[in-house]
Amino acid sequence: MVTTEGNDRARVFGPVIRKKVDLMKADDGRFSDPAETRLIRLAGTLLARSNALEQRIAAIESATQTCNCAMVVSETVLDLLSQSAGILEKIRVSPDVDSRRILAGYFSKILQQIDAVVLEASYDGKNLALNDSITICTDMTRGGGFLIEGIDMSCEGLGLSPLNPDNLSNPEIVEQLLKTEQAVNKLKAYSYSYTTVSEMLNTHMAFTRRMIDIFNDGSERINNSRAGQSAIAHVLSEICGLPSNDDSAPEGGGRGPGPDYSGREPGERLSKSSGLATRGYDY
């Protein structure tokens, strides 16, 4: 136990020292840092977390772009397949030979459009309609993500072929109609994977933006508060060797004009004994 003589009475520091030690242990050794330093460090940590999430935003936007392009490709082929099925059904039920021949020509042109879309479906070094698998990543390092297996959306891959308008047979028309309907069902299931991932990315994006707003708001509040401004002024005075307002404060805990940068705790006062300055506490 440590005892010192203050200006008016003896001060007992044993309980105070034990309290300080307990607080330092509870704070993993960081309690010894000045309050100003810890406050500025907190503001900097919030800002650093916000900046890190901004990089995550860029990764999510890139993943969303890839996913959106893949969705457009699959939806376009799906729409053309639906048109093909409608034309085949009309050919099947039409009794007029000339009408059947004209419709068969339309069917062949739609198949050509499907193959044209497949050839133009390249994005980021991948063909989104020709068996290339897509990895949807949500971080800049591309260390993980969602793998979507590619499929062949070409007419050959879907088992579709043009009809001979001069030799149309009902079995051939029905066969092409069944293959077209199977391709539609397959592509609908495949497109759903992109829809699911897209919704997940939108949710992840909204969460990340909200976290960024929280971190930025917290850092801004600290920097704009009176305590934050005082902490910045105190740290700058320590770095640049400039005097703070507390240097002119009278002894005994009194404060001069301006904020107090002394780092003393509430209830703490300065006392003297035998020419040595010691701190007294009122509890």
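The values are calculated or read from the model by the stated rules, or taken from the named source; none is laboratory data. Because the structure is predicted, anything quoted here is derived from the model rather than measured. Counting neighbours? That spans all protein chains shown, and the Cβs are built from the backbone with ideal geometry, glycine included. Side chains are part of the model used for accessible areas, which takes the heavy atoms of the whole protein and leaves out ligands, DNA and RNA. Shrake-Rupley method; radii C 1.70, N 1.55, O 1.52, S 1.80 Å.
Running Debye on the range 105-199 with equal point scatterers at the Cα sites and no solvent, what base-10 log of I(q)/I(0) appears at q = 0.12, 0.13, 0.21 Å⁻¹?
Computed log10 I(q)/I(0) values: -0.49, -0.56, -1.10.
Put +1 on the Cβ of every Lys and Arg and -1 on every Asp and Glu Cβ in the range 149-203; which of LEU160, TYR192, ILE173 then has its Cα farthest towards the positive end of the dipole?
Highest projection toward the positive end goes to TYR192.
Semi-axes of the equivalent ellipsoid for the range 56-107, please: Cα gyration tensor eigenvalues, times 5, square-rooted, ordered largest first, whole Å.
The three semi-axes for the range 56-107 are 41, 8, 4 Å.
Could you look at the range 129-222 and say what percent of its accessible area is carbon and sulfur, using a 1.4 Å probe and all protein chains? Don't jump to the answer; show the numbers that get you there.
Numbers: 2860 of 5400 Å².
Whole-percent figure for carbon plus sulfur exposure: 53.
List the residues whose amide H sits under 5 Å from the amide H of SER122, counting only those 5 or more places along or on another chain, with H placed 1.01 Å from N in the peptide plane.
Amide H neighbours of SER122, under 5 Å, 5+ apart: LEU128.
Compute the separation of the alpha-carbon centres of the range 170-236 and the range 38-83 and state it in Å as a whole number.
6
Please list the non-local residues whose amide H lies under 5 Å from the amide H of GLY150, H modeled 1.01 Å from N, same-chain partners needing a gap of 5 or more.
Under 5 Å from the amide H of GLY150: SER133, ILE134.
Expressed in nm to one decimal, what extension gain is obtained for the pair SER161 and SER133 from 0.36 nm per residue of sequence separation less their Cα-Cα distance?
On the way: separation 28, 0.36 × 28 = 10.08 nm, distance 2.52 nm.
Using 0.36 nm per residue and subtracting the Cα-Cα distance, I get 7.6 nm.
Given 10 °C and 1.306 mPa s, compute D for the range 165-220 with the Stokes-Einstein relation, Rh being the Kirkwood radius over Cα pairs; round to the nearest whole µm²/s.
Translational diffusion coefficient: 103 µm²/s.
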